[in-house]
Amino acid sequence: MKIAVFDDHQVMSFQAARMIATQIKNKPDSVICLASGETPFLAYHLLSTLLLGEGVDHQQFTLIDLDEWVNIPSQNTGSCSYFLHTTLIGPLKLSLSQFKLFDGIALDLQAECDAMDEFISKRGGIDLMVVGIGMNGHIGFNEPGVSTELYTHVIELDDTTRTVGQKYFAGKTTLGQGITLGLKHLQESNSVLLMASGDRKARIMKATLEGTIDPLVPSTIIRNHSNGLVMLDQKAASLLTPDE
Ligand code: GLP
């Protein structure tokens, strides 16, 4: 795993966009899993600008949703599905066969998990996973203590996630469970990009990069990934021990 620190969120977002665009240029039929959230918002906007502006063939790659809130319909502006539609799927005019998102209101959530795992394995696995990090160290909705051996699963959200998650919704929303790709996907993905920005992520980034590798802090698992990259802005990196 490598670490790259950038001056601010904007510079980091541009580099992230460039990295994702390069993945698509080098392997047009890439399978790319994308997180939602405040952190990657700008990177995705810049990515669509780059792909369209440079005329990169973006008709062959496959976009996969990292996670979704259970019981939240895709039309809800706080859903991950809505986020990916507005940031990338819409602007890039991706065809229906080019993306797979979770249906958070599916009656059979286990079937939803199985369908995602099958979709990924039929395409030969994930080339790049772009993930953020929760205040508790979650990746997607892999909450503290989760098994590192799981593929897609449904999980009870912890209190931090239920509270912090309110920021995505227009009004107070009951958040109970999440559906998410598993840490097994992260370990098997050809490459992983984790982005973190802002002072509020400084403490968890120190634990992620300098604490014990432990499923109690799920993000620490990225340190075992031979092709993992952690991008941070100065604020998120502010508590890291400086290099000797
Ligand atoms: C959310 C999502 C994650 C996201 C993380 C950080 O709850 N489930 O996929 O990466 O928390 O979000 P943000 O970038 O808004 O801080």
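Need one number: nm distance between label points at ALA106 and ILE3, each 7 Å from Cα along Cα→Cβ, rounded to one decimal.
3.7
With a cap of 16 neighbouring Cβ atoms within 10 Å, and only residues DSSP puts in a loop, list the trypsin sites (Lys or Arg not before Pro) found in the stretch 1-84.
Numbers: sites: LYS2, ARG18, LYS25; in loops: none.
Qualifying residues, ordered by number: none.
Once the piece of chain linking ASP29 and THR212 is laid out straight, how much longer is it, given 0.36 nm per residue of separation minus the C-alpha distance between them? Intermediate values should be presented prior to the final figure.
On the way: separation 183, 0.36 × 183 = 65.88 nm, distance 3.64 nm.
Stretched fully, the ASP29-THR212 segment lengthens by 62.2 nm.
Please give the contour-minus-distance gain from VAL11 to SER238: 0.36 nm per residue of separation, less the Cα-Cα distance, rounded to one decimal in nm. Display every interim value, and only then the final one.
Values: separation 227, 0.36 × 227 = 81.72 nm, distance 1.64 nm.
Result for the pair: 80.1 nm of gain on full extension.
Rounded, prolate or oblate: which fits the stretch 119-244, taking a ≥ b ≥ c as square roots of the Cα gyration tensor eigenvalues, rounded meaning a/c under 1.5, else prolate when a/b beats b/c?
Details: a/c = 1.70, a/b = 1.05, b/c = 1.62.
The shape class here is oblate.
Let me have the relative contact order for the chain, percent, based on Cα pairs under 8 Å that are six or more residues apart. Display every interim value, and only then the final one.
Values: 483 pairs, mean separation 61.3, N = 244.
Normalised by residue count, the contact order of the chain is 25 percent.
Among THR152, GLY198, GLY134, flag the residue with its Cα farthest along the positive direction of the charge dipole of the stretch 128-227, charges on Cβ as +1 for Lys/Arg and -1 for Asp/Glu.
GLY198
Using a ≥ b ≥ c from the Cα gyration tensor of the stretch 2-233 (square roots of the eigenvalues), is it rounded, prolate or oblate, where a/c under 1.5 gives rounded and otherwise the larger of a/b and b/c decides, a/b for prolate?
Details: a/c = 1.29, a/b = 1.07, b/c = 1.20.
Rounded, since a/c falls under 1.5.
Calculate the dipole size of the chain relative to its Cα centre from +1 charges on Lys and Arg beta carbons and -1 charges on Asp and Glu beta carbons; express the result in debye to the nearest 20. List each step's numbers first, then the result.
Numbers: 18 positive and 28 negative charges, 101 e Å.
It works out to roughly 480 debye.
Which whole-number percent is the relative contact order of the stretch 1-136 (Cα, under 8 Å, 6+ apart)?
Details: 167 pairs, mean separation 40.0, N = 136.
This gives 29 percent for the stretch 1-136.
Sequence-distant or interchain residues sharing an amide H contact under 5 Å with ILE3, placed H: which?
Close amide H contacts, sequence-distant or interchain: VAL230.
Quick one: putting +1 on the C-beta of Lys and Arg, -1 on the C-beta of Asp and Glu, what dipole do you get for the stretch 138-197 around its Cα centre, in Debye to the nearest 20? Display every interim value, and only then the final one.
Numbers: 4 positive and 6 negative charges, 56 e Å.
I would put it at about 260 debye.
Compute the length gained on full extension between ASP57 and THR174: take 0.36 nm times their separation in residues and subtract their Cα-Cα distance, giving the result in nm to one decimal. Write down the numbers at each step before the final one.
Values: separation 117, 0.36 × 117 = 42.12 nm, distance 4.02 nm.
Extra length from ASP57 to THR174 when fully extended: 38.1 nm.
Coordinate-derived values only; no laboratory data. What you are looking at is a predicted structure, and each value in this text was computed from that prediction instead of being measured. Quick reminder, even Gly has a Cβ in these numbers, built from the backbone with ideal geometry, and neighbours come from all protein chains shown.
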